[in-house]
Each structure stands twice: as C-alpha cells, then as structure tokens.
Amino acid sequence: MHGKRVAKDIVLHVKKNYSAKVKKVTISLGELAGISKEELDRALKAEAAWNFSIVSERNMIGCLCGYQGPARISDKGHDYVMYECPQCGSPLPKPLKGHEIKVVKVEKI
C-alpha cells in the first residue's frame, strides 16, 4: 500500500508542476526511504503510462558521537529501514542524505 501512495503522490506532483506532456520521469530513491526500487517501479507503472528511471541515492547520517557517513543498515522491510551509527551503535542518528524520494528530472514529449 505504501508504494501506491508514494507513486500517486509523485504522479500528482508531476502533473501539477509540468504542464506539457510527460515522456520520462527520473526519481532519486534514498537507501533509507523504506520502499524498494522494485516496489516503487511497479506502483509507478500502474499509476501512469510514462517511462520512469529510478536512481538509488546512498545514505549519510550524522550522530551525536561526531560520526558523519553511511549508516549501518541492520534490517530493511516493507515500509521500514532500521539503521544505526556504525561508530557508537546509536539507533537515533540524524539522516542527512538518502532518506527521501525525489523527482529529479522530467522529460517532456
């Protein structure tokens, strides 16, 4: 269900912000976003007849211990990602990058 909601939001965003006919949409999918590339691709294709390109974005976290870099992902499933600081083990580092789903390019016909 999460994938359908995300896909619907993306399609509505593109329709609202790009008046011309759409040919292809490029999306950045963060490692910490909680949805797989395959699930998002399937949901997008069911929502619109455009071509989609999904590009993975590596994550980066910041932790109170001073660490800044990629998180240690301990578990990933449908609608969730469990991660921690690889330096101190804190389960509450702040995501700085790679936690969002973003439309990065829209090609028009």
Task: Hits in the range 62-86 (condition: within 30 Å of Asn17 (Cβ to Cβ) and in a strand (DSSP E or B)) - done: Tyr80, Val81
Task: Members of the range 87-109 found to be assigned to a loop (DSSP other than H, G, I, E, B) and either in contact with a helix residue (DSSP H, G or I) (Cβ under 9 Å, 6 or more places away or on another chain) or surrounded by fewer than 16 Cβ atoms within 10 Å (Cβ to Cβ) (or both), listed by number - done: Gln87, Cys88, Gly89, Ser90, Pro91, Leu92, Glu100, Ile109
- [ ] Could you tell me whether any residue of the range 42-50 is modelled with pLDDT of 95 or more and touching a Ser or Thr at 6+ places or on another chain (Cβ under 6 Å)?
- [x] no
Task: Residue list for the range 5-46, filter: under 15 Å from the mean Cα position of the chain (by Cα), outside any helix (DSSP H, G or I) and either of a type outside the set (S, T, N, Q) or more than 25 Å from Lys97 (Cβ to Cβ) (or both) - done: Val25, Ile27, Leu29, Gly30, Glu31, Leu32, Ala33, Gly34, Ile35
Task: Identity of the residue in the range 47-61, aliphatic (A, V, I, L, M) and in a strand (DSSP E or B), that ends up nearest to His2 (Cα to Cα) - done: Ile54
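The values are calculated or read from the model by the stated rules, or taken from the named source; none is laboratory data. This is a predicted model, so every value here is computed, not measured. Virtual Cβ from ideal backbone geometry, glycine too; neighbours counted across all protein chains shown.
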